[in-house]
Amino acid sequence: MRPSLLRLIPRGPTLLALGVLLGLVCPALADLARPLMPTTIFLIVLGTLLRIDGEAVVAALRRPSLSVLLPAVVMLACPLTIGLAVHALGLAPELALAIVLAVSAPPSSGTAAVARMLGLDGAVPLVVTVLSMVLAPVTVPLLADWFGGLEISALELALRLALLIGSAEGVAFLLRRHAARVLAAHGGVVDGVIVAALLVFAVATMAGIRAQIAADGQAAMLCLALAFACNVALQVAGTLLLPGTFAQRLTVGLILGNRNVGLIWSALGAAASPRMALYFAATQLPIYILPRLIETLIGRNKRKARA
């Protein structure tokens with residue numbers, strides 16, 4: 001099993017893109033995978049926490065740009081900016097709230113694994129993701145309550161997020177305490193499990209989406225266009241506006257653009273309306289498709305550097 005999981009890692013960007021397409025092409029498979037969504041979210045978050053290096057966390061905490069500034073940009077500046085922008089565009093309140101919730105989510109727990117697949121530094125996404133997840137039970141409900149329109153209270157959403165994140169943190173703490181050496185020796189396997197969970201999650205998120213596209217293609221295309229626009233805008237902003245090498249800026253772009261929407265989706269449960277679910281599903285396409293394009297961009301940049 002271990003070699004099979006390790007083989008997933010370099011093929012990750014392609015596999016994740018195919019997972020979304022597979023879910024769209026095979027609705028029955030997506031429906032079969034849908035009940036596994038909470039489990040895959042738990043595994044992805046758990047895997048991220050297991051890959052954290054204690055020394056890296058301590059080093060990051062000594063760097064305000066990583067421990068304070070970047071998490072604040074991710075969890076507050078980005079959702080506030082995007083939220084104000086979508087309201088200025090006059091979008092329907094339900095869709096505007098879905099966009100705010102998606103952007104208020106912490107970075108995707110698979111971002112560190114995706115960064116390593118692309119040959120980028122996985123340490124920074126790991127640290128920022130963990131710090132952002134700590135903030136999520138506070139910032140996400142506050143932002144949702146401020147923009148308004150959610151069917152559950154901010155307190156209930158906070159408790160649900162705290163339970164989802166806290167349970168994964170508790171299991172990670174126990175595993176790291178009692179099996180630290182094993183985890184250190186098999187970090188690649190953990191990455192492989194994360195990629196496998198991301199693949200199943202990608203397929204599962206497409207459950208019912210094909211039917212919604214058939215029923216209201218215009219709404220589906222609008223959600224898809226907005227999902228790509230938000231993701232690309234945040235990645236471009238991170239890549240162009242922040243200092244560092246090209247690789248470092250690409251990494252920050254991934255952190256800003258790719259959000260753990262599944263975490264918010266799972267916490268909302270039945271409170272997520274069909275239109276919100278449609279947008280949440282649409283956000284998965286850029287998350288899983290854009291890494292393949294970034295991989296091509298990195299390859300071209302390397303060829304130019306050698307020329």
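The values are calculated or read from the model by the stated rules, or taken from the named source; none is laboratory data. Values in this document were obtained by computation on a predicted structure and should not be read as measured data. Note that each Cβ is placed from the backbone with ideal geometry, even for glycine, and that neighbours are counted across all protein chains shown.
Out of the residues in segment 48-90 that are at pLDDT below 85, part of a helix (DSSP H, G or I) and of a type outside the set (A, V, I, L, M), which is surrounded by the most Cβ atoms within 10 Å (Cβ to Cβ)? Please lay out each step first, then the result.
So the first thing to find is which residues in segment 48-90 are at pLDDT below 85, and the list is 48-68.
So of that shortlist, the ones also part of a helix (DSSP H, G or I) come out as 48-50, 54-61, 64-68.
If we keep only those that are of a type outside the set (A, V, I, L, M) too, we end up with 48, 54-55, 64-65, 67.
On the way: 48: 27, 54: 9, 55: 9, 64: 10, 65: 12, 67: 17.
The selected residue is 48.
Take the residues in segment 91-100 that are crowded, with 20+ Cβ neighbours inside 10 Å and among the small types (Gly, Ala, Ser); name whichever of them is farthest from residue 275 (Cα to Cα).
Result: 96.
Restricting attention to segment 266-279, report how many residues are on the phi < 0 side of the Ramachandran plot and either crowded, with 23+ Cβ neighbours inside 10 Å or touching a Lys or Arg at 6+ places or on another chain (Cβ under 9 Å) (or both).
Here the count works out to 6.
Among the residues of segment 184-202, how many are closer than 11 Å to residue 46 by Cβ and not β-branched (Val, Ile, Thr)? Explain how you work it out, then say what you get.
Our first condition is that a residue be closer than 11 Å to residue 46 by Cβ; within segment 184-202, this holds for 190, 193-194, 197.
Then keep just the ones that are not β-branched (Val, Ile, Thr); that gives 197.
Counting residues in segment 184-202 that are closer than 11 Å to residue 46 by Cβ and not β-branched (Val, Ile, Thr) gives 1.
Looking for whichever is outside any loop (DSSP other than H, G, I, E, B), at pLDDT 85 or above and crowded, with 22+ Cβ neighbours inside 10 Å here; the options are 256, 224, 290. Which one fits? First the steps, then the outcome.
Working: 224 fails: crowded, with 22+ Cβ neighbours inside 10 Å; 290 fails: at pLDDT 85 or above.
Answer to the selection: 256.
Table: residues versus (1) crowded, with 19+ Cβ neighbours inside 10 Å; (2) among the acidic types (Asp, Glu).
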| site | (1), (2) |
| --- | --- |
| 163 | no, no |
| 169 | no, yes |
| 181 | no, no |
| 203 | yes, no |
| 212 | no, no |
| 219 | no, no |
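Which of (1) surrounded by fewer than 23 Cβ atoms within 10 Å (Cβ to Cβ); (2) without any contact (Cβ under 8 Å) to a residue 24 or more places away in the chain; (3) assigned to a helix (DSSP H, G or I) does residue 135 not meet, given it meets every other one?
(2)
Check every one of the helices (runs of 4 or more DSSP H) wholly within segment 153-206 and list those with 3 or more residues that are touching a residue at least 24 places away in the same chain (Cβ under 8 Å).
Numbers: elements: 154-178, 180-185, 187-204.
Filter on segment 153-206 gives 154-178, 187-204.
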